[in-house]
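The values are calculated or read from the model by the stated rules, or taken from the named source; none is laboratory data. Bear in mind the structure is a predicted one, so any value in this text is a computation, not a measurement. Positions of Cβ are generated from backbone atoms using ideal geometry, with glycine treated the same way; all protein chains shown enter the neighbour counts.
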Amino acid sequence: MPFRPSTLLLLSLLGLAQCTLQGEGAYPVQPMPAATQSGANTAGCVVDGHLWVAHEDEDYTIGVPRSTPQPVRARWNPAAGGRSSHLALSFDKYINDRGQVHHDTSIKLELPAIARPGTFVLDQAANPQIGNGPTAYAAFTFNRASPSLTFLTGPAYPGRVVVTRFDTLSRVVSGTFEFTANQATGGRPVRVAEGRFDCKF
């Protein structure tokens, strides 16, 4: 069956796009990490329809250079002195590709009063200035802006974190997350979906 001119044009454009994405000089796309529970120090999600994977190039520096990139970090403060335990998760995407819309962004998950695996609903007003406060929340930050732009969950923009493993002996935390976040001044929100993480703390 003969090809129509429009079909040939479409095939040519698809071939050109494939060469552009996979050709020499193209930035390697990081695959979505597997859903593990071993402390693999991985995190990924979909942000506004775009795959987002925590990754930091060794030669990408912000402020003080680090010899070993740490795009996935977890900090746990156990209960002490009448205070409940608190888990803070930070995921960064710092890559040498300014053409990617999320090349210089980060995700933060704050989970207070954590003692075991479970579901944390992110539907309360967040106050990042307090630090280790009583409210569970998520934040998505565009770090390349000056000042940076941070989008937060809250009553109008909720989310959810499901912790599937919280092992204080092996110091491993794993789970999934999804949320919608916005700036206090309004505007277009950020939608984060299909999130997963597996990290040591």
Can you tell me which of (1) β-branched (V, I, T); (2) modelled with pLDDT under 90; (3) crowded, with 19+ Cβ neighbours inside 10 Å is the one V101 doesn't meet?
(3)
Of the residues in the stretch 176-196 that are not charged (D, E, K, R) and not in a strand (DSSP E or B), the one that is surrounded by the most Cβ atoms within 10 Å (Cβ to Cβ) is P189
Candidate set: the stretch 53-79, residues that are among the small types (G, A, S) and at pLDDT 90 or above; chosen: the one surrounded by the most Cβ atoms within 10 Å (Cβ to Cβ)
A54
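Please determine whether any residue of the stretch 122-135 is touching a residue at least 60 places away in the same chain (Cβ under 8 Å) and not small (G, A, S).
Narrowing the stretch 122-135 to residues touching a residue at least 60 places away in the same chain (Cβ under 8 Å): none.
Within the stretch 122-135, none of the residues are touching a residue at least 60 places away in the same chain (Cβ under 8 Å) and not small (G, A, S).
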Could you say which residue among R165, R116, R171 is more than 20 Å from R73 (Cβ to Cβ) and touching a residue at least 12 places away in the same chain (Cβ under 8 Å)?
R116
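Residue by residue, here is whether (1) within 22 Å of Q70 (Cα to Cα); (2) under 13 Å from the mean Cα position of the chain (by Cα); (3) part of a strand (DSSP E or B) holds:
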{"position": "Q124", "(1), (2), (3)": "no, no, no"}
{"position": "P134", "(1), (2), (3)": "no, no, no"}
{"position": "V163", "(1), (2), (3)": "yes, no, yes"}
{"position": "S170", "(1), (2), (3)": "yes, no, no"}
